[in-house]
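K.L.:
Structure in structure tokens, see below.
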Amino acid sequence: MAQIPEATVQQSVGKRALQRRDVLRACAASSLSLLAQRVVAQALPALDQDQDVPYVVTPQVVVDAMLEMAQLKPGDRLIDLGCGDGRIVRTAARRYRVSGLGVDLDPSLVRRAQQLAHDEGLQAYCRFEVRDLFDTDLNHAEVITLYLLPAVNLALRPRLKALKPGTRILSHDWDMGDWLPQETRMVQAPDKPVGFEKRSNVLKWIIS
């Protein structure tokens, strides 16, 4: 299993203060609803600690829905931005034999994702790296998955819209402002760790 260089760990820590400020600026400049801005404000304290976009586990039922909506095909490549424990990439590898890259700024989560992929015998399909999602090359992926903050989605939107035609983008819960999705699905998620309604929205865009 690949080791994470210490220099990479230190670089990821150094980016946290900058990203917190960038998220606040994006929030202030965007057309986010007041509710979404409150969610961002509540989540931001975690950016001063160990994570940039706070890690919230995506329930497996939501992972399954996202990958079903992605309509994965042999030869597709998937990138999960803010991969956490790598469950989206690992599930895509296990069920669809699709290669995937997961990136996260938290070295401990990346190590966990690498270990789980190794334990499940999926290391040939899965790669996990400590990397800023804004520094990640998205151009070679057919599918991009996201569970980020609303303002981060908006900051990514220009790059996503510039991807090659046919690229599918799946977002857990958060939209892209006035860029409307082609498909939305409500998923009941009783084990969702946040929210009162215990359900999730999965949104899908296809680049044309």
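Read-outs throughout are calculated quantities, based only on the coordinates presented, and are distinct from any laboratory measurement. Nothing here was measured: the structure is a model prediction, and the numbers come from that model. In this analysis, Cβ positions are derived from the backbone assuming ideal geometry, glycine residues included, and neighbour counts consider all displayed protein chains.
K.L.:
Could you go through region 100-106 in sequence order and give the Karplus-derived ³J(HN,Hα) for each residue, using 6.51 cos²θ - 1.76 cosθ + 1.60 with θ = phi - 60°, rounded to whole Hz, and x for Gly and Pro?
P.N.:
Karplus values, whole Hz, x for Gly and Pro: x, 10, x, 10, 7, 8, 9.
K.L.:
Show me, for region 136-146, the HN-Hα J-couplings you get by feeding each phi into the Karplus relation (A = 6.51, B = -1.76, C = 1.60, θ = phi - 60°), rounded to Hz, glycine and proline as x.
P.N.:
8, 6, 9, 5, 9, 9, 8, 9, 10, 10, 9
K.L.:
Ranking Trp205, Trp179 by Cβ neighbours within 10 Å, fewest first, what do you get?
P.N.:
Trp179, Trp205
K.L.:
Each residue of region 117-131 in order: what ³J(HN,Hα) in whole Hz does its phi give by Karplus 6.51 cos²θ - 1.76 cosθ + 1.60, θ = phi - 60°, with x for Gly and Pro?
P.N.:
Each residue of region 117-131 in turn: 4, 5, 5, 8, x, 10, 4, 5, 9, 10, 10, 10, 9, 7, 7 Hz.
K.L.:
Test of understanding: what is the full-extension gain from Leu180 to Asp137, defined as 0.36 nm times their sequence separation minus their Cα-Cα distance?
P.N.:
13.1 nm
K.L.:
If you keep only loop residues by DSSP, which GluC sites (Glu not before Pro) in region 136-198 have at most 12 other Cβ atoms within 10 Å of their Cβ?
P.N.:
The qualifying sites are Glu197.
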